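A.B. asks: Once you've had a glance at the structure underneath, I'll fire off some questions.
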Amino acid sequence: MAGDRTIQRNLEAAWPADLPAADERALLTAGRALLRADAIGVGRSKWPSVFDDSGQAVVPAFATTRFRIQAAIARRDHSPNRAVVHLVWAGTDRGGTFTDLRITDWFFTRTIKKGAATWTPQPHI
């Protein structure tokens, strides 16, 4: 949507890129997947350290059909081994209320395993 492109440009202007392109792509992919898992409940099992695996069914807060990410950026978070993914999104909650321009941040730490960098999401506190 046209408004989404404007939001994306504004995010990029507010926070200039400061990560290698490959890291930014990996973080954006993970951040989008985490947001979907958190909002609509799909894919939570992929991140047991982020989402409590109590064995109970999760009732999604938002409908899958009215959920979209409007814009996203990944940036360094005060250290080369820490990053944050800023997401702006829209959705319809279980009560039927649609809202847009919702903001969610996911924080990651980088570790090196077998010579390859791995970004690990941190649980919300």
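The values are calculated or read from the model by the stated rules, or taken from the named source; none is laboratory data. As the structure is a prediction and not an experimental result, all values here were calculated from the model. Cβ coordinates were reconstructed from backbone atoms using ideal geometry, including for glycine residues, and neighbour counts include every protein chain displayed. What goes into the accessible areas is simple: the full protein's heavy atoms, side chains included, and nothing from ligands, DNA or RNA. Shrake-Rupley method; radii C 1.70, N 1.55, O 1.52, S 1.80 Å.
A.B. asks: Out of curiosity, is Asp93 acidic (Asp, Glu), open to solvent by less than 70 Å² (accessible area, probe 1.4 Å), closer than 17 Å to His124 by Cβ and out of contact with any helix residue (DSSP H, G or I) (no Cβ under 9 Å at 6 or more places or on another chain)?
C.D. replies: Numbers: acidic (Asp, Glu): yes; open to solvent by less than 70 Å² (accessible area, probe 1.4 Å): yes; closer than 17 Å to His124 by Cβ: no; out of contact with any helix residue (DSSP H, G or I) (no Cβ under 9 Å at 6 or more places or on another chain): yes.
Answer is no for this residue.
A.B. asks: Kindly provide the set of residues from the range 53-88 that are modelled with pLDDT of 80 or more, open to solvent by 40 Å² or more (accessible area, probe 1.4 Å), more than 16 Å from Ala21 (Cα to Cα) and part of a loop (DSSP other than H, G, I, E, B), ordered by number.
C.D. replies: Within the range 53-88, His78 is the sole residue that qualifies.
A.B. asks: Any idea which of (1) assigned to a strand (DSSP E or B); (2) open to solvent by 50 Å² or more (accessible area, probe 1.4 Å); (3) in contact with a Lys or Arg (Cβ under 9 Å, 6 or more places away or on another chain) is the one Thr111 doesn't satisfy?
C.D. replies: Every listed condition holds for Thr111 apart from (3).
A.B. asks: Here is a follow-up. Report yes if Ile103 is in a strand (DSSP E or B) and crowded, with 17+ Cβ neighbours inside 10 Å, otherwise no. Steps first, answer last, please.
C.D. replies: On the way: in a strand (DSSP E or B): yes; crowded, with 17+ Cβ neighbours inside 10 Å: no.
Judged against the criteria, Ile103 is not a match.
A.B. asks: Out of contact with any Lys or Arg (no Cβ under 7 Å at 6 or more places or on another chain) and not small (Gly, Ala, Ser): which single residue out of Trp47, Trp89 fits that description? Break it down stepwise before answering.
C.D. replies: Details: Trp89 fails: out of contact with any Lys or Arg (no Cβ under 7 Å at 6 or more places or on another chain).
Of Trp47, Trp89, the one residue that is out of contact with any Lys or Arg (no Cβ under 7 Å at 6 or more places or on another chain) and not small (Gly, Ala, Ser) is Trp47.
A.B. asks: Please determine, by comparing only the residues of the range 1-24 that are part of a helix (DSSP H, G or I) and small (Gly, Ala, Ser), which one is least open to solvent (accessible area, probe 1.4 Å). Quick ask: steps written out before the conclusion?
C.D. replies: We begin by selecting, within the range 1-24, every residue part of a helix (DSSP H, G or I); these are 2-14, 21-24.
Next, only the ones that are small (Gly, Ala, Ser) stay: 2-3, 13-14, 21-22.
Numbers: Ala2: 64, Gly3: 43, Ala13: 80, Ala14: 66, Ala21: 62, Ala22: 60 Å².
Looking at residues that are part of a helix (DSSP H, G or I) and small (Gly, Ala, Ser), I get Gly3.
A.B. asks: Can you find, within the range 25-52, the residue that is least open to solvent (accessible area, probe 1.4 Å) among those that are among the charged types (D, E, K, R) and modelled with pLDDT of 95 or more?
C.D. replies: Step one: filter the range 25-52 for residues among the charged types (D, E, K, R), giving 25, 32, 36, 38, 44, 46, 52.
From the residues that got through so far, the ones that are modelled with pLDDT of 95 or more too are 25, 32.
Working: Arg25: 147, Arg32: 84 Å².
Of everything passing the filter in the range 25-52, Arg32 is least open to solvent (accessible area, probe 1.4 Å).
A.B. asks: Would you check which residues across the range 25-52 are within 17 Å of Trp119 (Cα to Cα), hydrophobic (A, V, I, L, M, F, W, C) and either in contact with a Ser or Thr (Cβ under 8 Å, 6 or more places away or on another chain) or not in a helix (DSSP H, G or I) (or both) and list them?
C.D. replies: Selection gives Leu35, Trp47, Val50, Phe51.
A.B. asks: A follow-up question, please. Hey, can you tell me all the residues within the range 1-41 that are within 15 Å of Thr104 (Cα to Cα) and of a type in the set (Phe, Trp, Tyr)?
C.D. replies: Applying the first criterion (within 15 Å of Thr104 (Cα to Cα)) to the range 1-41 yields 7-8, 11, 27-40.
Hits for the range 1-41: nothing passes.
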